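Written below as structure tokens is the structure these notes are about.
The values are calculated or read from the model by the stated rules, or taken from the named source; none is laboratory data. All values reported here derive from a predicted model rather than from experimental measurement. Quick reminder, even Gly has a Cβ in these numbers, built from the backbone with ideal geometry, and neighbours come from all protein chains shown.
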Amino acid sequence: MTQPATDNPCKSCPTRVLCLASGLEETALDSLAECVKPSAPLEKGKHLYREGNRADRCYVVRSGVFKTFAMTPAGDEYVTGFHYPGELLGVTGQATGRHADSAVALETSTACRVRLDEMATLWEIGGGTSLMRMLGQSEKKAAGSQINLGQVRADARVAGYLLQLSRKQQQIGRDKRILHTPMSRTDLANFLGMTLESLSRVMGRFSKAGLVTSRLGEIVIERPDDLQALALHIPDSD
């Protein structure tokens, strides 16, 4: 039995145009709500899933921001990404049936879960096209990040990431100049493959040159063209 429209989380979803609901008719949205379930709000520091958990579902970020990370055999944390509304999580775990990383909320966040045994229904109602688009975007983001991490100069690496995040902000309907950054500087440095001291020096240079302004939980891009010049070889990863 389909849910009443007032109880349908897909129809009220703030990221509806970015996720599996994109382009679906109203009747299809009722069916989608039967196989895509939003999580309860997860407070900062709470896990969506943990490395080694059974991977019988994937997730779409509905609100907030998640960090994914894996642990090395030595017990060191390796940050693999930051994920904003409309992005997929937990897909790589489908290869082995166990999650290869963990996902934790960086602020109060929610995600919709899609079980593997509901994929047939998803395709029947027309959500398969959106799923493939999202998978493609995920792969493109990963490729762009890999290229960015290959930059030798720390300035280019940081500038490239800020521009990637700027494009993501624009995609989800936010001001592309004001970057929402709930991650710690330590986590960001980890993700960018540099020390905290190195990242701090780069951000200090950017601030002194007037390229960016940093404030609590945000980085404001003041001179996007100059940032682009520093990251000239970083492709658009949207």
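Annotations
- For segment 17-43, the set of residues classified as surrounded by 15 or more Cβ atoms within 10 Å (Cβ to Cβ) and part of a loop (DSSP other than H, G, I, E, B) consists of Leu18, Cys19, Leu20, Ala21, Ser22, Leu24, Ser39, listed by residue number.
- Residues that are out of contact with any Asp or Glu (no Cβ under 7 Å at 6 or more places or on another chain), over 11 Å from Cys58 (Cβ atoms), surrounded by 18 or more Cβ atoms within 10 Å (Cβ to Cβ) and modelled with pLDDT of 90 or more, drawn from segment 105-130: Leu106, Ser109, Thr110
- For segment 1-58, taking the residues that are at pLDDT 85 or above, hydrophobic (A, V, I, L, M, F, W, C) and closer than 25 Å to Gln137 by Cβ, the one that is farthest from the chain's Cα centre (by Cα) is identified as Ala55.
- Hey, Gly193 in the same structural domain as Leu18 (by TED's automatic domain parsing), part of a loop (DSSP other than H, G, I, E, B) and surrounded by 14 or more Cβ atoms within 10 Å (Cβ to Cβ) or not: no
- The residues of segment 191-203 that are out of contact with any Asp or Glu (no Cβ under 7 Å at 6 or more places or on another chain) and not hydroxyl-bearing (Ser, Thr, Tyr), listed by number, are Phe191, Leu192, Gly193, Met194, Leu196, Glu197, Leu199, Arg201, Met203.
- Scan of segment 172-217 for residues that are of a type in the set (Phe, Trp, Tyr) and under 18 Å from His83 (Cβ atoms), ordered by number: Phe191
- In segment 44-58, the residue that is nearest to Gly217 (Cα to Cα) out of those that are part of a strand (DSSP E or B) and hydrophobic (A, V, I, L, M, F, W, C) is Leu48.
- In segment 206-216 there is at least one residue that is outside the structural domain of Lys37 (by TED's automatic domain parsing) and closer than 30 Å to Tyr59 by Cα.
- Taken as a whole, the structure places Arg174 among residues that are part of a loop (DSSP other than H, G, I, E, B), more than 14 Å from the chain's Cα centre (by Cα) and surrounded by 15 or more Cβ atoms within 10 Å (Cβ to Cβ).
- Subset of segment 165-186 (residues that are out of contact with any Pro (no Cβ under 7 Å at 6 or more places or on another chain) and under 21 Å from Val104 (Cα atoms)): Leu165, Lys168, Gln169, Leu179, His180, Thr181, Pro182, Met183, Ser184, Arg185, Thr186
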